[in-house]
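Here is the structure we will look at, set down as structure tokens.
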Amino acid sequence: MRKMLSTTKQWLFLFAAVCLMMVIGYWVLGSEVKIAALKPITKLQHSATALEGSLLTVDNFDYEEQLVVLYNRVPKTGSTTFVNIAYDLCKRNRFHVLHINITANSHVLSLPNQVSFVRNVTKWHEMKPALYHGHVAYLDFSKFQIAHNPIYINIVRKPLDRLVSYYYFLRYGDNYRPNLVRKKAGNKITFDECVKLKQPDCDPKNMWLQIPFFCGHAAECWEPGSQWALDMAKTNLVNKYFLVGVTEQMEDFVDLLERSLPRMFHGFREYYQHSNKSNLRNTLNKRPPSETTVAAIMESKIWKMETELYEFALAQFEFTKRKLMQPDKKQIQRFMYEKVKPK
């Protein structure tokens, strides 16, 4: 009898132990499920808080004092004239001017340098407002998770005029730094003679520069004669650039910038008109090409494509100028808000 009671007690104890372990197991498992279920909610709450903070940051963004203008200047388009006005007036207008200097005068940044440059320009608040300038192709800041893109500006020039100017510049320099010996110094061959002899310095392919500057850092942008590059250059000019002027209308370009972005460009128009900076850099010993040379160049596909971009930019610039004034040309266009409800 005693043996039976002892055996029963042992079984009861074992049963109770098993039940206790099952209860503890369910409790632990339930706790883990609850914790796991709570985690996404915590992340959502955190994301909502971050979103509210970012919206607040956007609302409080100081567009005047955080202004960044990027002038990816095309060589031999009058850019030195414009930039030197900026250097002369930057202290008075309280903004910084910074030159982008790339190794070996490359027009394309390496991928690591693209990341560094974009982040540096965006986060270097001590320099803002800032005007960055350099001979570098268009770079799309939106590819790098940047909240506020810089404002792009540029100037274009008639393709053949730009090529001829650059041809003689490499041989004789200019009146800006007359004592600097240029790469082709001593070469006396005229542009007309160069075209007749079909030498590489006057090859129409050398005109392929304004298109890639607006097209950007894609490999196809730098393929002379690429229709894709021309199409992309036009798209970027309209959608990515705040203003693109033309060399022949520099004063109107300066005027539009001053009216639109006075925080940086206040006083530029008057300074351009009355200082000695209105035509700062002139290529020495430049000779206009003959009619025969012009006709030969105009036969090239590159000239036709670069001219198409120039005329496209000119039409856009003229359109922007016209919209500045009322149709009667007596009053600046204005806008207002009305019929606002509820009151």
Just for region 307-342: of the residues that are part of a loop (DSSP other than H, G, I, E, B) and either under 24 Å from the mean Cα position of the chain (by Cα) or surrounded by 10 or more Cβ atoms within 10 Å (Cβ to Cβ) (or both), which one is modelled with the lowest pLDDT?
-> 326
Residue by residue through region 197-250, note down the ones that are touching a residue at least 40 places away in the same chain (Cβ under 8 Å), within 30 Å of residue 272 (Cβ to Cβ) and open to solvent by 70 Å² or more (accessible area, probe 1.4 Å).
-> 240, 242, 248
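Condition (residue is farther than 25 Å from residue 130 by Cβ, open to solvent by less than 70 Å² (accessible area, probe 1.4 Å) and part of a loop (DSSP other than H, G, I, E, B)) applied to region 293-305: is it met by at least one residue? Quick ask: steps written out before the conclusion?
Kept after step one, since they are farther than 25 Å from residue 130 by Cβ, are these residues of region 293-305: 293-305.
Going one step further and asking which of them are open to solvent by less than 70 Å² (accessible area, probe 1.4 Å), we end up with 293-297, 300, 302-303, 305.
Imposing the further condition that a residue be part of a loop (DSSP other than H, G, I, E, B) reduces the set to 300.
So far as region 293-305 goes, yes, one or more of its residues are farther than 25 Å from residue 130 by Cβ, open to solvent by less than 70 Å² (accessible area, probe 1.4 Å) and part of a loop (DSSP other than H, G, I, E, B).
Considering only residues that are within 30 Å of residue 270 (Cα to Cα) and in contact (Cβ under 8 Å) with a residue 60 or more places away in the chain, look in region 87-122 and name the one that is surrounded by the fewest Cβ atoms within 10 Å (Cβ to Cβ). Explain how you work it out, then say what you get.
Going residue by residue through region 87-122, those that are within 30 Å of residue 270 (Cα to Cα) are 87-101, 121.
From what's left, in contact (Cβ under 8 Å) with a residue 60 or more places away in the chain: 88-89, 92-93, 95.
Numbers: 88: 15, 89: 19, 92: 10, 93: 16, 95: 21.
Once the filter is applied, the top-ranked residue is 92.
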Criterion violated by residue 284 - all others in (1) among the hydrophobic types (A, V, I, L, M, F, W, C); (2) surrounded by 11 or more Cβ atoms within 10 Å (Cβ to Cβ); (3) at pLDDT 95 or above satisfied | (3)
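The values are calculated or read from the model by the stated rules, or taken from the named source; none is laboratory data. Remember, it's a predicted structure, so these values are computed and weren't measured experimentally. Because the Cβ atoms are built from the backbone with ideal geometry, glycine has one as well, and the counts that use them run over all protein chains shown. SASA here: full protein model, heavy atoms, side chains in, ligands and nucleic acids out. Shrake-Rupley method; radii C 1.70, N 1.55, O 1.52, S 1.80 Å.
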